[in-house]
């Protein structure tokens, strides 16, 4: 394994570990955190897919800066609060419960847990390559402005693309496929995971869009894996049974109202 593959593996395990942290201790699938996902050791090279970020001073870059400055005013709003709730990756899946129609508890959903944990390395690898290729600084390093969370000052903490947006969109697409009757609600909530990163001021809007493109590419590629397709079918049956058994999540009205407010 070369140096870049080692870094990718470390990042993949970190995301999977964060997700497993929300699962009850003792669940065997959560204890077996995968280093390799459905797409193998090298993963998906998405650098050419999304291309370079907007160049400093370009129309696109200035649009990003304008969005960053405008969204600082959202602090304390319901949309800001939603972005704060999604800030930690381990919370994203559970935060989709209202859209999915049942409280997602990975501790009692082993098939769904296996699917989610094995997707994590694929998403991480796909987002990490462009981050290292383009080294785009975070928006708050260009313009002063408050963020809704603190990020570690590590070498891979770059802006483009948003791995968070990639993860939210990838999992949203999979949940929408499993529950097509709720696909619009699920994808609306999954989209908010990404836009919330711009609301939080930790990613530019164009980086969120690039992350969502990567999330879609990863899920499309994973469908070529027989293991992924088998795990998806098992999770689909498990999730359908959970939704049918209920109960439906409570307190979803405020989230629905927040989603109706444009982020910018």
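Points to keep in mind about this one:
- Of the peptides 207-214, 129-136, 55-62, 75-82, the ranking by mean beta-carbon count within 10 Å, highest at the top, reads 207-214, 129-136, 75-82, 55-62.
- In the chain, helical runs assigned H by DSSP with n ≥ 4 each contribute -39500 (n - 2.57); averaged across all residues and rounded to the nearest 500, the mean residue ellipticity at 222 nm is -19000 deg cm²/dmol.
- In this simple spin-label model, placing a label point 7 Å from the Cα along the Cα-to-Cβ direction at both residue 70 and residue 240 gives a separation of 4.3 nm.
- Modelled label reach - residue 52, point 7 Å along Cα→Cβ, segment 204-241 residues with backbone N closer than 18 Å: 206-207, 210
- Computed E for residue 59/residue 227 - FRET, C-beta separation, R0 41 angstrom, nearest 0.05: 0.40
- The chain, relative contact order [Cα under 8 Å, separation at least 6], %: 28
Only the coordinates and a few stated rules stand behind these numbers; no lab work does. Just so it is clear, the structure is predicted and the values come from calculations on it, not from any experiment. Every residue, glycine as well, gets a Cβ built from its backbone with ideal geometry; the counts of neighbours run over all protein chains shown.
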